[in-house]
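Worksheet: one structure, shown below.
The values are calculated or read from the model by the stated rules, or taken from the named source; none is laboratory data. Note that the structure is predicted; figures quoted are calculated from it, not measured. No Cβ is skipped: glycine too gets one built from the backbone with ideal geometry, and neighbour counts run over all protein chains shown.
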């Protein structure tokens with residue numbers, strides 16, 4: 001019976017139907033010949049009586065009359081026709097019931113239960129594959145759909161949580177500039193009412209207000225760019241690995257023109273065409289190299305490798321390394337390094353790189369080495 005469970009639906013249906021139909025035909029034939037035999041027995045074994053009342057001189061013969069068996073013969077004749085048809089019909093009905101119980105009942109119950117749970121947004125289960133037939137394939141398709149829905153829901157949840165953290169960090173960083181602006185405005189108003197406002201004091205206060213207003217403007221721009229990046233879609237295109245590596249080398253070399261630090265670029269990988277989003281890889285590399293050039297003492301090295309459907313970009317510098325805060329919290333938005341050199345930035349570079357790597361099916365990892373810091377960006381070679 002196990003082979004029927006594993007066979008395809010068409011083969012199983014015809015096998016079960018043929019088996020039960022054969023049994024029905026055999027029983028029908030047996031009933032037919034049984035009825036024939038019973039009818040013959042009745043015809044040869046009747047009961048007889050002698051009618052003496054009709055003996056007379058003119059009618060000296062003895063009349064023998066047999067008791068009638070016509071109703072039994074008629075009944076057997078009806079059964080002779082009805083029973084074979086009945087056995088065939090019953091065999092087909094039983095074949096349908098057995099086929100439903102063996103092939104359809106369990107898969108349909110699994111699919112119904114899965115559809116109801118998916119409709120309730122309950123994705124924490126596994127769709128069991130009960131056989132290797134078409135319904136088993138359908139169960140596997142349901143499981144793939146459930147997995148993708150769960151993955152998408154988790155990604156949406158992660159994005160929502162990321163957006164909440166981004167908004168919280170943005171609000172926190174805006175609090176101080178807004179406080180300074182409010183304090184400066186109140187100070188101007190107070191001194192203006194008291195008549196103690198001098199031209200120099202007004203000029204200094206206005207300069208401070210202008211400075212912090214520009215800072216808020218930069219914050220808003222950084223926030224807008226971050227939200228745009230979250231909505232960015234990865235669009236892989238066919239490109240040649242060697243062309244991609246040379247293009248990246250040229251653009252990264254230009255970043256070091258004004259920094260005047262030792263810059264090394266190396267690339268390894270099979271010389272072939274691949275599907276990748278060059279803009280995402282380029283943007284990630286430029287952010288990481290720019291960050292490394294800012295903190296490096298003398299040298300920055302870049303290793304660009306393609307192997308087994310993965311592109312790995314490794315950027316190393318000889319600086320002081322990542323702070324414990326960055327290593328602990330990772331590439332989160334508006335997280336600035338305590339070792340910053342005083343340049344104006346908002347802690348968005350590593351967050352943007354991590355976001356871009358994830359868009360390309362990869363990841364970003366940060367670590368310190370005995371000689372400085374190392375950032376490793378991984379990109380998956382995608383299908384179009």
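Brief remarks on what is shown
- If the condition is being at pLDDT 85 or above, part of a loop (DSSP other than H, G, I, E, B) and surrounded by fewer than 18 Cβ atoms within 10 Å (Cβ to Cβ), then region 342-369 contributes only 361.
- Set 83, 90: member being farther than 30 Å from residue 146 by Cβ, in contact with a helix residue (DSSP H, G or I) (Cβ under 6 Å, 6 or more places away or on another chain) and touching a residue at least 12 places away in the same chain (Cβ under 8 Å): 83
- All positions within region 15-31 that are surrounded by 14 or more Cβ atoms within 10 Å (Cβ to Cβ) and either without any contact (Cβ under 8 Å) to a residue 24 or more places away in the chain or under 15 Å from residue 89 (Cβ atoms) (or both): 15, 17, 20, 21, 23, 24, 25, 27, 28, 31
- Looking only at residues in region 250-279 that are without any contact (Cβ under 8 Å) to a residue 40 or more places away in the chain and in a helix (DSSP H, G or I), the one that is surrounded by the most Cβ atoms within 10 Å (Cβ to Cβ) is 255.
- Meets criteria (in contact (Cβ under 8 Å) with a residue 40 or more places away in the chain, outside any strand (DSSP E or B) and within 22 Å of residue 359 (Cβ to Cβ)) for residue 238: no
- All positions within region 100-141 that are within 25 Å of residue 20 (Cα to Cα) and not in a helix (DSSP H, G or I): 130, 131, 132, 133
- Cβ separations smaller than 9 Å between residues 6+ apart or across chains give the following pairs from region 199-227 residues that are assigned by TED's automatic domain parsing to the domain that holds residue 187 and modelled with pLDDT of 80 or more to residues that are outside any helix (DSSP H, G or I) and surrounded by 11 or more Cβ atoms within 10 Å (Cβ to Cβ): 205/197.
- Residue within region 270-282 that is modelled with pLDDT under 90 and within 18 Å of residue 375 (Cα to Cα) present: yes
- In region 97-152, residue surrounded by the fewest Cβ atoms within 10 Å (Cβ to Cβ) [restricted to those that are in the same structural domain as residue 12 (by TED's automatic domain parsing) and touching a residue at least 40 places away in the same chain (Cβ under 8 Å)]: 102
- Qualifying residue in region 252-260 (condition: touching a strand residue (DSSP E or B) at 6+ places or on another chain (Cβ under 7 Å), under 24 Å from residue 358 (Cβ atoms) and modelled with pLDDT of 90 or more): no
- Scanning region 176-199 for residues that are in contact with a helix residue (DSSP H, G or I) (Cβ under 6 Å, 6 or more places away or on another chain) and assigned to a helix (DSSP H, G or I) yields 177, 180, 181, 184, 188.
- Condition check for residue 15: modelled with pLDDT of 60 or more, out of contact with any strand residue (DSSP E or B) (no Cβ under 9 Å at 6 or more places or on another chain), in a helix (DSSP H, G or I) and farther than 30 Å from residue 137 by Cα: no
- All told, residue 304 falls short of being surrounded by 20 or more Cβ atoms within 10 Å (Cβ to Cβ), modelled with pLDDT of 90 or more, over 36 Å from the mean Cα position of the chain (by Cα) and in the same structural domain as residue 322 (by TED's automatic domain parsing).
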